[in-house]
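Each reported figure results from applying straightforward, stated rules to the coordinates on display, with no laboratory input. Everything numeric here is computed off the predicted structure, so don't read it as measured data. Note: ideal-geometry Cβ built from the backbone for every residue, glycine included; neighbour counts use all protein chains shown.
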Amino acid sequence: MRRRDLLSISAALGLAAPGLHAATPAGGAAAPGQAVRTHALSLLGEPALPADFTHFPWVNPSAPKGGEIVRWALGTFDSFNPFIIRGTAAVGSALIYDTLLKESADEASTEYPYLASWIDLPADRRGVTFELHQEARWHDGRPVTAADVAWTFNALRQHGRPFFRSYYGDVTEVVAEAEKRVTFRFRDDQNRELALILGQMPVLPRHWWEGRDFTRPILDPPLGSGPYRIERFEPGRSIVLRRSPAWWARDIPTMRGTQNFDTIRFEYFRDNTVALEAFKAGQIDFRTENVARDWATGYDFPARRRGLVKLEELRHELPTGMQAFVVNLRRPVFQDQRVRRALVELFDFEWMNANIFFGAYARTASYFSNSELASSGLPQGREREILEGFRGRVPDAVFTTEFRLPVTDGSGNNRDGIRRALGLLQQAGWRVQDRRLVNAQGARFEFEILLSSPTFERVALPYVQALERVGMAVRVRTVDPAQYQRRMDSFDYDMTLGGQGQSLSPGNEQRDFFTCAKSREEGSRNISGICDPAIDALVELVVNAPDRAELVARTRALDRVLLSHDFLVPHWHIQSFRIAYWDKFGRPPRHPRFDIGLDSWWVDPQREQALAEARRSL
């Protein structure tokens, strides 16, 4: 699961789904098997905040409102419907809507009230009921109702991206029981995070969508109930969102002190380098930096030297997931595991880190990196017990050989890796002939690496040189983001740069990442095309883990099996956010553990005036 708000009851009391905690009810503990009303949900123990909390602890509840922040986006857009495959949705669309619950960015897997003011958990643990705020209103003044919630759920599952069908797959029914009361019923009591998953759902206005085709891209600014409305836009170039002064949720505890900018403007660029130059020219106010070279060398300009632009690295505790060169198993050339391992052997991370990334990164060796969910060493204890149930259906090496990525001396002369790669390729039926890698039929080993930005070419091209040294013919093709998304949705690629982000509580989304059903469903996030019955079964074990200890063991087992197949060439990660901004902002004393916390920043009028005066003298 990705992000949550709050709810928790002791699992020992049997009051919530296995592993799900709800805040202890006022007046003491409920009896075992009793239904409970609560204000917060958590997967990792009691939530930190009580029912009467007034604001999140990292925000300034008295933060001033006003001013504008200008941000940037890459590519283009032609739609304000981010929930479907068709079209390219504009950034910032989520700010139009409210969700049922609000994730705490300072607690793992914990959600607190937003559209819903209370949560009811039934005694049989096979459902969840949300009681909506009486004050919740759409921007046109009409109330947000349980019927809107039910309509949204059905629209997303029936017509939205394939992700929603797997994410909500264990819900059997949604019922609007009253104007402000909606109940979801579950297939069984095993999916421990399903109530929190539903809490993340953005709610759409049924009355606005009536008469409109939900399956088509739209450029009519949608109606929402969230903190911002779309004020104006130029398709593919810019979008301006204005804060709604009558936003119903501005003073509820989960929102107080946040969403402080009067306007948020996104400017679109086709190239990251141009976007950086726009930031340096003062056309953009804030950016996160994901390119190590730019972070090390790209910010040496007069305004930065005078202190008008600030650079910071904010440490975080987020799982970093997996970024990688991902092969498409739907292509015959990649179906042999020995071939895939040869591709891993030819990737010289140490040289890249020293010569391209300024030593900024650590190698990623797990799909669940930077978390307790990552496998390591040989399987032990409960993890081994789980894997024993799959013996004969998973590679034998899972039990006997620790997964390790190759390590080079960083010189760029990866002779050992080339030797191992050639041996593997020969075992798989490939041979070098006239400096060309060919199979028994004389067909050359060739493929294309598909990219969405020229920024990634500096990573792909050195890798291509290594692949060419063993006789492969590899092309790099960079396309615009819209075309890239279309090709990804239809699985029209050989290799690409991708992967899966992860959270501290993996669950339903793993189906979309790794299962057979999703390998064939256009628009899914199973970009590798993984289809293995053992992996399907391990995913279901993760989804239905009864408690935290079992979730950790099951996730490690899944991680270990995925790694053993070499479905991808792992990249790297960093344990901090790199941010650059013009010095016009006020901000709380600290940021939350799992986020930058930009939604709690504000424009400081004195700093903004001083910045404007200083820039006139540049």
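Given an 8 Å cut-off on Cα distances and at least 6 residues of separation, report the relative contact order of the chain as a percent. Can you show the working numbers first?
Working: 1384 pairs, mean separation 120.6, N = 618.
About 20 percent, as a whole number.
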Exercise. Quick one: which residues, 5 or more positions from Glu267 or on another chain, have an amide H under 5 Å from its amide H? H modelled 1.01 Å from N in the peptide plane, none for Pro or chain starts.
Key: Arg71, Trp72, Ala73
Self-check item: Descending Cα extents along the principal axes, the stretch 526-610, whole Å
Solution: 62, 32, 18
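If you take the square roots of the eigenvalues of the alpha-carbon gyration tensor of the chain and sort them as a ≥ b ≥ c, do you get rounded (a/c under 1.5), prolate (a/b over b/c) or oblate?
Details: a/c = 1.75, a/b = 1.22, b/c = 1.43.
Oblate is the answer for the chain, as a/c is 1.5 or above yet b/c matches or exceeds a/b.
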Self-check item: Whole-Hz couplings from phi, Karplus 6.51/-1.76/1.60, listed for the stretch 194-208; x for Gly and Pro
Solution: 4, 4, 6, 4, 5, x, 7, 5, x, 9, 10, x, 4, 5, 6
Quiz item: Any idea which of Ala362, Gly377, Thr400 is furthest toward the positive side of the dipole for the stretch 322-573, if Lys and Arg beta-carbons carry +1 and Asp and Glu beta-carbons -1?
Solution: Thr400
Quiz item: What is the Cα centroid distance between the stretch 543-618 and the stretch 254-282, reported in whole angstrom?
Solution: 16 Å
Self-check item: Pairwise FRET efficiency - Arg458 versus Ser117, Cβ, R0 = 45 Å, nearest 0.05
Solution: 0.35
Quiz item: Can you tell which of Leu346, Ala443, Pro533 lies farthest toward the positive end of the dipole of the stretch 322-573, using +1 and -1 charges on the Cβ of basic and acidic side chains (Lys, Arg; Asp, Glu)?
Solution: Ala443
Quiz item: At each listed q (0.13, 0.17, 0.23 Å⁻¹), what is the log10 of I(q)/I(0) that the Debye formula gives for the stretch 451-582 modelled as equal alpha-carbon point scatterers?
Solution: -0.71, -1.07, -1.37
Practice problem: Choose one of Leu308, Gln502, Asn191: the residue whose Cα lies farthest towards the positive end of the charge dipole of the chain (beta-carbon charges +1 Lys, Arg; -1 Asp, Glu; about the Cα centre). | Solution: Leu308
Self-check item: Ala281 versus Gln134: modelled label distance in nm, points set 7 Å from Cα along the beta carbon direction
Solution: 5.4 nm
Quiz item: Where nothing but the Cβ of Lys and Arg (+1) and of Asp and Glu (-1) is charged, how large is the charge dipole of the stretch 275-424 around its Cα centre, in debye to the nearest 20?
Solution: 360 debye
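What do you get when you divide the Cα radius of gyration of the stretch 176-328 by 2.2 N^0.38 Å, with N the number of residues?
Numbers: Rg = 21.2 Å, N = 153, 2.2 N^0.38 = 14.9 Å.
Here the answer is 1.43, to two decimals.
Is the C-alpha gyration tensor of the stretch 191-279 telling us rounded, prolate or oblate? Criteria: a/c under 1.5 is rounded; beyond that, a/b larger than b/c is prolate, otherwise oblate. Present the calculation step by step, with values, prior to reporting the outcome.
Working: a/c = 1.56, a/b = 1.32, b/c = 1.18.
Because a/c hits 1.5 or more and a/b exceeds b/c, the stretch 191-279 counts as prolate.
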Quiz item: How many Å³ per residue does the convex hull of the Cα positions in the stretch 11-209 occupy?
Solution: 149 Å³
Quiz item: Which parts of the stretch 270-290 would a label at Ser617 reach, counting a residue when its backbone N lies under 19 Å from a point 7 Å out along Cα-to-Cβ?
Solution: 282
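Report the calculated FRET efficiency for Asp434 and Glu317 (r = Cβ-Cβ distance, R0 = 56 Å), to the nearest 0.05. Numbers along the way, then the final one.
Details: r = 53 Å, r/R0 = 0.94.
With R0 = 56 Å, the Cβ-Cβ based efficiency is 0.60.
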Practice problem: Determine the gain in length on full extension of the stretch Phe399-Gln441; use 0.36 nm per residue of separation and subtract their C-alpha separation, reporting nm with one decimal. | Solution: 11.5 nm
Practice problem: Please report, in debye to the nearest 20, how large the charge dipole of the stretch 11-209 is about its Cα centre when each Lys and Arg carries +1 at its beta carbon and each Asp and Glu carries -1 there. | Solution: 480 debye
Practice problem: Among the trypsin sites (Lys or Arg not before Pro) in the stretch 183-253, which ones are in a DSSP loop with at most 15 other Cβ atoms within 10 Å of the Cβ? Mind listing them? | Solution: Arg187, Arg212, Arg237
Quiz item: If you keep only loop residues by DSSP, which GluC sites (Glu not before Pro) in the stretch 158-206 have at most 13 other Cβ atoms within 10 Å of their Cβ?
Solution: Glu179
Practice problem: Quickly work out the Arg338-to-Thr215 label distance, labels modelled 7 Å from Cα along the C-beta direction, and quote it in nm with one decimal. | Solution: 4.6 nm
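Only Cα pairs under 8 Å and at least 6 apart count here; give the relative contact order of the stretch 11-209 as a rounded whole percent.
23 percent
Mind checking the full-extension length gain between Thr288 and Arg607? Use 0.36 nm per residue of separation minus the Cα-Cα distance, one decimal, nm.
Extending this stretch completely gives an extra 112.8 nm.
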